[in-house]
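One structure is given here, and the rest of the page talks about it.
Nothing in this text is a laboratory measurement; each read-out follows from the coordinates by a stated rule. Small disclaimer: the values here were computed from a predicted structure and weren't measured. No Cβ is skipped: glycine too gets one built from the backbone with ideal geometry, and neighbour counts run over all protein chains shown.
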Amino acid sequence: MRAPVIEHQKEHTVPLSPVFSFPSFVRPLVAGTLCALLTACGGGASPDATGERAATTAETDGAVLSRTELAAAEKQAAAADASPSPAPLDALPAGQIAAKSAYVSGAVARKALAVSTPVYRFYNGSTGAHFFTTSTVERDNIVATLSPPFGLEGAAFSVASAFSPGLSPVHRFFNTQTGVHFYTISEAERASVVATLPHFLYEGVAYHASQVAGAGLIPFYRFFVPSKGFHFYTASESEKNSIIANLSATYSFEGVGYHVLDSDWRAEKLPNTGVGSAQCLQAGSNTLVVCTDSAATSLSVQQDGHRININPMRFLLLTGFTSDQCMADEITGLVWEGKTGTGTRAGSNTYTRLGNNAATDTSGYVAAVNALALCGFTDWRMPTALELQTMLRYGDTSPPMALSKGPAGTQAGEYWSSDTSSGSTGFTTSFADGMVFTDSTSNAHHVRLVRGSMLNDPRFSFGSVSYAGDAANNLVNDALTGLQWRRCLEGMNWNGNTCTGTAGSFSQEQALVHARNQSGWRLPNIKELGSLVDRTRTASPRIDTNAFPALGQPAAWSSTPLVANTAGAWAVGFTTGAVGYTSRTDLTGVRLVRINP
């Protein structure tokens, strides 16, 4: 039996009899250990003449090593693109360079957002040197115990706190003569420093960054100051240009050290819904119009159809394979199994989900495909309901709701996911009507396997943004999607600990109008809203209650119209974990997502 999206059960019909009833750092350092060797960080006693000359010579040679290695990485990336069988991004081991197209498209940076962290910069007023750290413990200890002379200048740029495909480790050294830290992504330079500069104490991997340029990445420049024997670094183009123009006599420009994440870059990591540019709503009507029409823009300029050019679904045919074998989703990075017309992997085959390893069960099918080493991989698995939902085209008016250029063999029916509702029920995603519901695991449905991951934990972090009535930390940063969410449903306010007040009830048109009137916010589309369902929770509410506490409504509206019956629109039930549609006049909650530039 399909679980209700909100209260009512739903049959496979588009007519709108009510569907809803809405009632590290590897080794974190603290200030005490950081500055134990000198009286202050970021530059203390000057080195003697011999030590200064040695450092100057070795580090200038190091700059050559670093530049040479970056140039080699660019060539390696270009060669990977020309390879007859380039490895998918998710298949890359730590430190391996990705194909250049993965950097240019932003795929590398988009993946890294899952583990992105700010780098804090300090200025030492006594020496003129700077210090960088990703550790909030280290940052706070310096602020508490070494200010002055240290002044916190804030978050200068972002990096990956752990390995992410296409990135490389950045090594951190402590110069015991100058009290300054040195950073390099070059393995050759790291080895040279270890071998020739014993006064440089190796402290391990500080973070991960890119040796190759690309979208969402910015150059991290390095200068050497011979008179003081330390380096200066900046990710600011204007600061770099100013130093070259005004301080070139004392600051020797060494070029790009590596590439870091652009702190101002936002990359949404979900494919769009496939709703088209002629599928926008207008005020007071259920008739869809061209999205540029004034009737549509006066209602909202952030409708689903207005965002058609953001992350359109794109599938990459892996070199040497066909669409009935495997294809990669360029947005999510997932690699999907294609289906054959007949045989073991026929798209028309159906399976139970009992976990009994039978050939007719999903567990047996996963084992069989991995035994085949399909496309050379043995880590195929069942997808989550959300991963399946990323492939749906909600702009289609007839099933199957799947991209024609995607993996072969999509059926107009339900597909089992790996998500469990209870011991005997699991979630299915339907390519007939786009819904996500539950069914008995003894029933047979279609299967499409996947490999890779959309997320490296942790998923949610918190920030603050101006919103009337809210306290600090009212913003949820979602590493899975790259989106930013308001923590409370509309009508409620964040008091610093939870959401208080009464959640509002809106029709879908009212929801669009309300979102339009909140500057910088919009109504999410159905894939975005569906991404917030936590189906690892087997009881209501099925949403992360630390990130989104005090669920004040059982469901929330999306901006996605039901194109097969425009009197309806899509919504998500957070009590059941279901994705479905209902009449646009029904009343339920609104959860806003921030508009990214």
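Some values worked out for this structure:
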| item | result |
| --- | --- |
| Val194/Thr145 FRET efficiency (R0 25 Å; Cβ-Cβ; nearest 0.05) | 0.25 |
| Estimated 222 nm signal from helices in the chain, with DSSP H stretches of n ≥ 4 weighted -39500 (n - 2.57), rounded to 500 | -5500 deg cm²/dmol |
| Two-site FRET efficiency, Ala371 against Ser85, from Cβ-Cβ distance with R₀ of 25 Å, rounded to 0.05 | 0.70 |
| Positive-pole candidate from Ala468, Val290, Ala155, dipole of the chain, charges at beta carbon | Val290 |
| 17 Å Cα-Cα reach of Lys527 towards lysines, excluding residues that sit fewer than 8 places from it in its own chain | Lys269 |
| Among Val450, Gly376, Met327 - extreme Cα towards positive end, dipole of the stretch 315-451, charges at beta-carbon | Gly376 |
| Sequence-distant residues sharing a close amide H with Leu489 (under 5 Å, placed H) | Gly552 |
| Translational D in µm²/s for the chain (Stokes-Einstein at 20 °C, 1.002 mPa s, Kirkwood Rh from C-alpha pairs) | 82 |
| Extension gain, Ser285 back to Phe460 (0.36 nm per residue minus Cα-Cα distance, nm) | 59.2 nm |
| Two-site label geometry, Val513 and Ser348: point separation in nm, points 7 Å out along Cα→Cβ | 5.1 |
| Sites Val205 and Asn495, calculated FRET efficiency, Cβ-Cβ separation with R0 41 Å, nearest 0.05 | 0.55 |
| Given charges at beta-carbon only (K, R positive; D, E negative), |dipole| of the chain in Debye | 340 |
| Lysine pairs meeting the criterion (Cα under 25 Å, 8 or more apart or interchain), as found in the stretch 35-261 | 4 |
